[in-house]
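Following: one structure in structure tokens, then a few remarks.
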Amino acid sequence: MVMAVKAVQFFTKDEEALADILIGIGIKRNVAKVLVFLANSSEATSRDIERGTDLRQPEVSLAMRYLAKQGWLSSRDKRSENKGRPQKIFNLSKPVPEIMRRIEKEKKREAANRLALVQRLHEFV
């Protein structure tokens with residue numbers, strides 16, 4: 001019996017730094033890690049993402065649901081060589097710069113809303 005060996009991708013220091021920046025601007029930790037992982041992978045299974053990001057299955061599922069809701073995630077089924085259910089293969093459906101521009105736009109809108117609230121606060125003081 002021959003076992004297939006598959007390389008597991010782990011975060012580099014730069015990828016960790018990028019995830020930390022995303023977390024710092026308010027992106028949820030699991031979403032940031034999955035986004036960075038997929039940005040540096042052509043495609044991956046849920047299990048690949050779990051191993052590469054050091055997240056648990058429920059955390060990966062929540063992140064994937066968020067990314068799909070944003071329109072940033074696509075998937076396809078891959079038939080298993082053995083009998084059983086097909087495996088889902090995931091990848092980003094939008095280019096990374098486009099995703100980053102959307103995140104930037106959202107964070108700028110959030111910051112503007114907070115500044116407007118601070119201005120209103122001055123009206124009461």
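Among the residues in the range 64-73, are any outside any helix (DSSP H, G or I), basic (Lys, Arg) and loosely packed, with under 15 Cβ neighbours inside 10 Å? Give the steps one after another, and end with the answer.
Restricting attention to the range 64-73, the residues satisfying the condition of being outside any helix (DSSP H, G or I) are 71-73.
Pick out the ones that are also basic (Lys, Arg) and you get none.
Checking the range 64-73: not a single residue is outside any helix (DSSP H, G or I), basic (Lys, Arg) and loosely packed, with under 15 Cβ neighbours inside 10 Å.
Of all residues in the range 5-43, which are closer than 20 Å to residue 61 by Cβ and either over 12 Å from the mean Cα position of the chain (by Cα) or loosely packed, with under 14 Cβ neighbours inside 10 Å (or both)?
Answer for the range 5-43, where residues must be closer than 20 Å to residue 61 by Cβ and either over 12 Å from the mean Cα position of the chain (by Cα) or loosely packed, with under 14 Cβ neighbours inside 10 Å (or both): 8, 9, 11, 43.
What pairs come out if I take residues in the range 22-37 that are touching a residue at least 60 places away in the same chain (Cβ under 8 Å) and under 17 Å from residue 48 (Cα atoms) and pair them with residues that are assigned to a loop (DSSP other than H, G, I, E, B) and of a type outside the set (Val, Ile, Thr) whose C-beta lies under 8 Å away, six or more apart or interchain?
35/72
Please indicate, with yes or no, whether at least one residue in the range 76-89 is under 14 Å from the mean Cα position of the chain (by Cα), surrounded by 11 or more Cβ atoms within 10 Å (Cβ to Cβ) and free of Cβ contacts under 8 Å to residues at least 60 places away in the same chain.
Just the residues of the range 76-89 that are under 14 Å from the mean Cα position of the chain (by Cα), to begin with: none.
Taking every residue of the range 76-89 in turn, none turns out to be under 14 Å from the mean Cα position of the chain (by Cα), surrounded by 11 or more Cβ atoms within 10 Å (Cβ to Cβ) and free of Cβ contacts under 8 Å to residues at least 60 places away in the same chain.
Only the coordinates and a few stated rules stand behind these numbers; no lab work does. Owing to the predicted nature of the structure, the values given are computational and were not obtained by experimental measurement. Glycine also receives a Cβ, built like all others from the backbone with ideal geometry; neighbour counts cover every protein chain displayed.
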